[in-house]
Amino acid sequence: MATGESGKFVPKKGIKSSVVWNWYGFAATDVKQETPRCNICLKPIAVKGSSTTNLFQHLKQRHPAEYEK
């Protein structure tokens, strides 16, 4: 996948009410934006509805320096 290799993903559509979206995006082929991917390690993160809990937990556990920002 070309977008995954470069670490560049399509940003979240609409209102980004959480700062965590600065570290996540979506594959260009994910038209419905159902599976956010980490811009740092490119890993897809499971989310339930619009919850950002798993996104914050991934940052905290895998990228603590970024989480502190």
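Here GLN33, GLN57, GLN61 are screened, and the one residue that is at pLDDT 95 or above and either of a type in the set (A, V, I, L, M) or open to solvent by less than 100 Å² (accessible area, probe 1.4 Å) (or both) is GLN57. Take the residues in region 36-48 that are more than 13 Å from LEU59 (Cβ to Cβ) and open to solvent by 70 Å² or more (accessible area, probe 1.4 Å), then tell me which one is modelled with the highest pLDDT. Selected residue: ALA46.
Residue by residue, here is whether (1) out of contact with any Leu (no Cβ under 7 Å at 6 or more places or on another chain); (2) outside any helix (DSSP H, G or I) holds:
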| site | (1), (2) |
| --- | --- |
| LYS12 | yes, yes |
| SER17 | yes, yes |
| VAL20 | no, no |
| GLU34 | yes, yes |
| ILE40 | yes, yes |
| LYS48 | yes, yes |
| SER51 | yes, yes |
| GLN57 | yes, no |
| GLU66 | no, no |
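Enumerate the pairs (first residue in region 31-52 and among the small types (Gly, Ala, Ser); second residue anywhere and assigned to a strand (DSSP E or B)) with beta-carbon separation below 7 Å, excluding pairs fewer than 6 apart on the same chain, so at least 6 apart or on different chains. Every condition considered, no pair remains.
The values are calculated or read from the model by the stated rules, or taken from the named source; none is laboratory data. Because the structure is predicted, anything quoted here is derived from the model rather than measured. All Cβ positions, glycine included, derive from the backbone under ideal geometry; neighbour counts span all protein chains shown. Ligands, DNA and RNA are stripped out before the accessible areas are found, and what is left, the full protein with its side chains, is counted by its heavy atoms. Shrake-Rupley method; radii C 1.70, N 1.55, O 1.52, S 1.80 Å.
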